[in-house]
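**Q** Shown below is the structure under consideration.
The values are calculated or read from the model by the stated rules, or taken from the named source; none is laboratory data. Everything quoted here is computed from the prediction, not taken from an experiment. Here the Cβ positions follow ideal geometry from the backbone for every residue, glycine too, while neighbour counts run over all protein chains shown. Areas reflect the complete protein model, heavy atoms only, side chains present, ligands, DNA and RNA absent. Shrake-Rupley method; radii C 1.70, N 1.55, O 1.52, S 1.80 Å.
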Amino acid sequence: MNQPQQPVPEDILDIRVDEAGCAVLRMQDSAGKNAFSQPFVAALVQALGALGARADVKVVVLCGLPDLFSAGGDRSVLLGLAEGRIAPYDLLLTRSLLELPQPSIAAMAGAAVGGGLVFGLACDLVFMARESRYGCNFMDLGFTPGMGTTRLLQAAVGPYVAAEMMLGAQYFRGQELAARGAQVNAVLPRAEVEVRALDVAARLCEKPRAALLLLKRTLGLPRRVAFEEARTLESLMHELCFADPATKALIRENYRP
């Protein structure tokens, strides 16, 4: 028998659906800085699955805290990977978002780091803030990127800027990424990010739901294929990185949520 789903914890996630079919999924784990601990990931996967199954939902808008979208990997999870207690393929949060039937919109008003950044970039539409910082800190912690970063980041900011961000663990403010030709929907003042995302969501909600889902599935196919290719290679790189004893030491020394 299927086990009944537990209620999504309201202290870390807030889910609201309006009459037009716009669902807003807000990550609000202030204490954990929206980092992807195992309980937080489980709650997100459950929430996405529940929204995906709802016939009254046409669009999902993903939001974070005002100044922080997500801090990415949780320290305990990263150490679990390094110590062999968690397998790289256990972290498939990105796939849950890519497989969401409805179009998804990331309102990345706050900063986003590592896996938190690529989680937002897995959405169908992406809005970022000029003032906020976005970056990949994997290499500072001694291991290669995961969660599909190697392909999804290239699609968002271009291969050369993505290489700079990944190889050098480089952070850029949204306005810098826009100047370098980032391929997101818009880079706006922080206060306008959610407003614009909700405006676009409202426009999508005016369209027939069945057609929206069909088109989303078709338009999202290249990113889903790219993600699966990336995850295969990233998993192999992780196995090598996390087998190195130095990786665990770097995580303990340099992890800064």
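**Q** Which value at 222 nm does the chain reach when only helices count, each DSSP H run of 4 or more adding -39,500 (n - 2.57), with the total divided by all residues and rounded to the nearest 500 deg cm²/dmol? List each step's numbers first, then the result.
**A** Numbers: 10 runs with 121 residues, N = 257.
Value at 222 nm, helices only, nearest 500: -14500 deg cm²/dmol.
**Q** Percent of accessible area on the chain owned by carbon and sulfur, 1.4 Å probe? List each step's numbers first, then the result.
**A** Numbers: 6730 of 12020 Å².
About 56 percent, which is the carbon plus sulfur part of the accessible surface.
**Q** Near the amide H of residue 109, under 5 Å away, which other amide H atoms are found, from residues 5 or more places off or on another chain, if H is placed in the peptide plane?
**A** Amide H neighbours of residue 109: 64.
**Q** Using a 1.4 angstrom probe, figure out how much accessible area the range 210-257 has per residue, in square angstrom, rounded to the nearest whole.
**A** Details: 2990 Å² over 48 residues.
The answer is 62 Å² per residue.
**Q** Hey, could you get me the Stokes-Einstein D for the range 103-242, Kirkwood radius over alpha-carbon pairs, 4 °C and 1.567 mPa s, rounded to whole µm² s⁻¹? Working shown, then result.
**A** Working: Rh = 15.6 Å.
Reported coefficient: 83 µm²/s.
**Q** Rg/Rh for the range 178-238 to two decimals, with Rh computed the Kirkwood way over all alpha-carbon pairs. Before the final figure, lay out the partial values.
**A** Numbers: Rg = 16.2 Å, Rh = 14.7 Å.
Using only Cα positions, Rg/Rh for the range 178-238 is 1.10.
**Q** Still on this structure: How would you rank 27-34, 202-209, highest first, on the average number of other Cβ atoms within 10 Å across their residues?
**A** Packing proxy ranking, top to bottom: 27-34, 202-209.
**Q** May I ask you to compute the full-extension gain from residue 202 to residue 183, defined as 0.36 nm times their residue separation minus their alpha-carbon distance, rounded to one decimal in nm?
**A** On the way: separation 19, 0.36 × 19 = 6.84 nm, distance 2.20 nm.
Net length gain for the segment: 4.6 nm.
**Q** Additional query: Quick one: how many Å² of residue 15 are accessible to a 1.4 Å probe, rounded to 10?
**A** 70 Å²
**Q** Okay, next question. For the pair residue 167/residue 252, report the inter-label distance in nm, with labels modelled 7 Å from Cα in the Cβ direction.
**A** About 3.1 nm, to one decimal.
**Q** Now a separate question. Can you list residues from other chains, or at least 5 along the same chain, whose modelled amide H is less than 5 Å from the amide H of residue 129?
**A** 188
**Q** Further question on the same structure: When the chain is fully extended, how far beyond the present Cα-Cα distance does residue 16 get from residue 192, taking 0.36 nm per residue of separation? Display every interim value, and only then the final one.
**A** Details: separation 176, 0.36 × 176 = 63.36 nm, distance 1.98 nm.
Contour length minus Cα-Cα distance gives 61.4 nm.
**Q** Let me ask another. One quarter of the convex hull surface, Cα atoms only: what value does that give for the range 64-183 in nm²?
**A** Values: hull surface 28.0 nm².
Orientation-averaged projected area of the Cα hull: 7.0 nm².
**Q** If you add up the charges near residue 212, with Lys and Arg at +1 and Asp and Glu at -1, over every other residue whose beta carbon is less than 14 angstrom from its beta carbon, what do you get? Numbers along the way, then the final one.
**A** Details: positive: 54, 58, 203, 207, 209, 216, 217; negative: 56, 124, 206.
Net local charge, residue 212 excluded: +4.
**Q** Now for a separate question. In whole Å, what are the extents of the chain along the principal axes defined by its C-alpha atoms, from largest to smallest?
**A** Reported extents, whole Å, longest axis first: 53, 53, 34.
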